[in-house]
Each structure stands twice: as C-alpha cells, then as structure tokens.
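The values are calculated or read from the model by the stated rules, or taken from the named source; none is laboratory data. If you're wondering where the values come from, they're calculated on a predicted model, not measured in any experiment. Please note: Cβ atoms are built from the backbone with ideal geometry, for glycine as well, and neighbour counts cover all protein chains shown.
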Amino acid sequence: MSGFKKGDRVYRTSSVKWAAQGAQGTVLAVNPSGSLKVEMDNGHITPNGSSRKFALVNATPTEGGSNMSGLKINIVEQVLVNGRVVDDNYSDDMIFADIASGEKEIKRLEAIETKPAALEARIEELKTALGRLKDICDGRSSS
C-alpha cells in the first residue's frame, strides 16, 4: 500500500518535464499497484506514476513512528491580496493604499450611468473585498 488516498495534497519529490520538484497537486486515484494518478496544480494530470515520486504536503511522521498511518497534518491558511501574502510584511499602510485604490475604482464604475448586471456585480465584488481588507486591518488591532 502506498499510504496515499484520493484527495491527498502531494508534491513532487523529483523533477519531470511537466512538473518541477516541489510542484503540488491532488491525488485523483490510487491504483491497486500503489501508483498514483495526480492532477498537478499546473493542470497536468500524471500518467500512473510511482508513489515514490510524491510526498504528502505539510505532513510529518508523528513521534515514535514513520508509517503513513501515524501522520500529523499541519494545515496553514494564508490570505492573499493581489497575490501578496498578508503577514507582518503586509503593513497597515499597504492595506490603506489598497482600500483607497478600490474606493477610487468603485467611484469610477458607479459613475457609469448604464450599468449592465456584470458591472453591478463587479462593484459589489469590490465592496466585499474592501470590507475584507477592513476586517483584516481591524483584526490586527484587536490582536
């Protein structure tokens, strides 16, 4: 048995033409032989490949055991704003600048008199995003 199951997040432990070492994907199937069918995040679906070419993402064996059933999974969620990770390096001033930019764009779009449904949806999407930025900033202040 390979120790993997359908839905596991995995990464490549070696490079191939279509995926660099460390590239991540999701297990679609585990064949009876233990080989994996993986959909890589770049959209490529692997041919049935050896499970030795993959490892679980954010998984480390628990103390005193190395078998796959004794795994401790560490899940970390990140918030990205325009592709930037919101962490200690993403300052309040950066959030303020993003809010100001978003408000400017909302005003520009709201000035359009004939608003198709797609435009109304875009305005609401921007307002929701600005609300999330506000919540991120306020959440830091209360921490």
Q) For the subset of region 98-122 comprising residues that are under 29 Å from Asp87 (Cβ atoms) and hydrophobic (A, V, I, L, M, F, W, C), which member is surrounded by the fewest Cβ atoms within 10 Å (Cβ to Cβ)? A) Ala100
**Q.** Number of the condition not met by Gly43 [criteria: (1) surrounded by 14 or more Cβ atoms within 10 Å (Cβ to Cβ); (2) at pLDDT below 75]
**A.** (1)
